[in-house]
Amino acid sequence: MKDVAIKIDDISKIYKLYQKPTDRLKEALGISKKLLYTEHYALKNVSFSIHKGETVGIIGTNGSGKSTLLKIITGVLNASKGNTTVHGRISALLELGAGFNMEYTGIENIYLNGTMIGFTREEIENKLNDIIQFADIGDFINQPVKTYSSGMFVRLAFAVAININPEILIVDEALSVGDVFFQAKCYKKFEEFKERGKTILFVSHDLSSIAKYCDRVILLNRGNLVAEGSAADMIDLYKKVLVNQLDDENQKSDIVKTNMQDQWKNRLIINPNTNSYGNYLAEIIDFGLFDDKGNITNNFIKGRTFTLKMKVKFNAEIQDPIFAFTIKDLRGTEITGTNSMIEKIGVLKTQIDMVKEISFMQKIDLQGGEYLLSLGCTGYRAGDFDVYHRLYDICNITVISDKNTIGYYDMNSIVNIK
Ligand SMILES: Nc1ncnc2c1ncn2[C@@H]1O[C@H](COP(=O)(O)OP(=O)(O)OP(=O)(O)O)[C@@H](O)[C@H]1O
């Protein structure tokens, strides 16, 4: 068996939640016979081990306990119950600002951080140039960090964490603050780390990075460890957690199994600011995005099939309605889409109150990232173009990919070198 770097044994973190601040005081003074708080489990009986050389990702919805877990591993927080064992020097990038003194300059903070991790002044001096170069924030390195933007801050924090040569690197979402070039530089360092057999534990909401870098993934939900396994399996399970579709026996927690089977769209994450317009002679009354296993989800793994379905109710007799969808990037550029006219599939004429279900099935080969989906039902009446109903930017589509592509679309080239 490989050497263990981190062992988490039956950890729970319980917070006491008081209704009023005075209840906390009463409790502290022992002047109330009643229990004045409720217990909130940020983590509940969590156990797992991480071996040396593994890159492990932690995923879960907001509030599932990811940061709490990392803080317990790094010693910033104490667990209420259970044991944590760590073998190796940890360098951690937790919340922005943790471990930094706002009044000190960048350079002074490098020394402060290095000393906290357990390095001597001389060891830090040897690393200083690498750190300054990696951070690449110009003369700001000599200014107090309170003058830094959040991007500069994360640059410096990451530069320290990564160049100080830790045995275990722990990163909590911090990378999302930096710009894409800096992120790329950090991920390159991650790869170097992996090659050198170091242990990495990281939390991210970016499922593509999780798929790309992690040997193993741990899925948390409401403080419970739901499962651990390959990135692909855990991402599939996470998609169910996101839309409350997880089986009770599978999740060991108390998600209420919502009974929203009647409408597909209720199981998607919908844009609250959708622009819905048209003359409503036809209405998109429901729609769903289905992955290759039939789950309704906003998240798709690149290279697999996804099906878009919509139900349209007709409030008038319409000749040759056109059903359409468009996928845009977050800057609003139309990337792709199609409609039933282009595809030469149609309904000749509709009657009032008729409901038609349309489905578009395709492989998703878009670059990993976030996209927006728009739906429409349009047509021509007396030669004029008519919008019956459009749902503009109705929901996001997240494409999860463990392989980069140049531009938007992966042509799946077969490459040979002779
Ligand atoms: N100091 C605190 N007092 C009370 N409850 C807390 C405290 N800190 C965290 N919690 C609760 O513990 C739970 C886990 O929080 P945690 O920050 O670990 O979640 P997370 O998975 O990191 O979430 P996110 O993805 O939003 O960062 C949440 O329900 C949160 O409200």
So what is the calculated 222 nm ellipticity per residue for the chain, using -39500 (n - 2.57) for each DSSP H run with n of 4 or more, over all residues, to the nearest 500 deg cm²/dmol? -7000 deg cm²/dmol
Between K81 and K33, take the C-beta separation as r, use R0 = 35 Å, and let me know the FRET efficiency to the nearest 0.05. 0.85
Post the alpha-carbon centroid distance, region 318-338 to region 344-418, in whole angstrom. 6 Å
Within region 38-75, what residues put their amide N at less than 19 Å from the label point 7 Å along the Cα-to-Cβ vector of R304? 57-61
Please work out the C-alpha center-to-center distance from region 149-218 to region 116-136 and express it in whole Å. 18 Å
Extension gain K194-Y104, at 0.36 nm per residue separation less the Cα-Cα distance, in nm? 29.1 nm
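Determine, for C377, C395, the number of other Cβ atoms within 10 Å of each Cβ, and report the residues in order from fewest to most.
Values: C377 29, C395 19.
Listed from fewest to most nearby Cβ atoms, that is C395, C377.
Compute the length gained on full extension between Y380 and I414: take 0.36 nm times their separation in residues and subtract their Cα-Cα distance, giving the result in nm to one decimal.
Values: separation 34, 0.36 × 34 = 12.24 nm, distance 4.31 nm.
Length difference between fully extended and current span is 7.9 nm.
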Sequence-distant residues sharing a close amide H with L93 (under 5 Å, placed H): I170, V171, D172
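Which of the trypsin sites (Lys or Arg not before Pro) found in region 1-70 are loop residues per DSSP with 16 or fewer other Cβ atoms within 10 Å of their Cβ? Walk me through the intermediate numbers first.
Working: sites: K2, K7, K13, K16, R24, K26, K33, K34, K44, K52, K66; in loops: K2, K33, K34, K52.
When the trypsin sites (Lys or Arg not before Pro) of region 1-70 are filtered for loop state and at most 16 Cβ neighbours within 10 Å, K2, K33, K34, K52 remain.
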Shape call for region 4-242, from the Cα gyration tensor axes a ≥ b ≥ c (a/c under 1.5 means rounded, otherwise prolate when a/b beats b/c, else oblate), comes out oblate
If R0 is 35 Å, what FRET efficiency do you get for M361 and S276 from their C-beta distance, rounded to 0.05? 0.90
How big, on average over all directions, is the shadow cast by the Cα convex hull of the chain, in nm²? 29.1 nm²
Please identify every one of the GluC sites (Glu not before Pro) in region 102-170 that sits in a loop by DSSP and has no more than 10 other beta carbons within 10 Å of its own beta carbon. E103
Apply the Karplus parameterisation 6.51 cos²θ - 1.76 cosθ + 1.60, with θ equal to phi minus 60°, to every residue of region 275-292 and state each ³J(HN,Hα) to the nearest whole Hz, in sequence, with x for glycine and proline. 9, 10, 8, x, 8, 6, 6, 9, 10, 7, 8, 7, 7, x, 10, 10, 7, 5
Excluding residues fewer than 8 places away in the same chain, name every one of the aspartates and glutamates whose C-alpha is closer than 16 Å to that of K7. E54, E167, E228
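Filter the trypsin sites (Lys or Arg not before Pro) in region 353-416 down to the DSSP loop ones having no more than 15 other Cβ atoms within 10 Å, then list what survives.
On the way: sites: K356, K363, R381, R390, K403; in loops: K403.
Qualifying residues, ordered by number: K403.
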For the pairs K71/K239; K16/K146; K66/K302; K71/K265; K13/K185, flag any whose C-alpha to C-alpha distance is greater than 31 Å. K16/K146; K71/K265; K13/K185
Along the Cα→Cβ direction, 7 angstrom out, place labels at T115 and I335. What is the inter-label distance in nm? 4.9 nm
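Bear in mind that the values in this text are calculations on the coordinates, not laboratory data. Since the structure is predicted, the reported quantities are computational estimates derived from the model, not experimental observations. Reconstructed Cβ throughout: ideal geometry from the backbone, glycine too, with neighbour counts over all protein chains shown.
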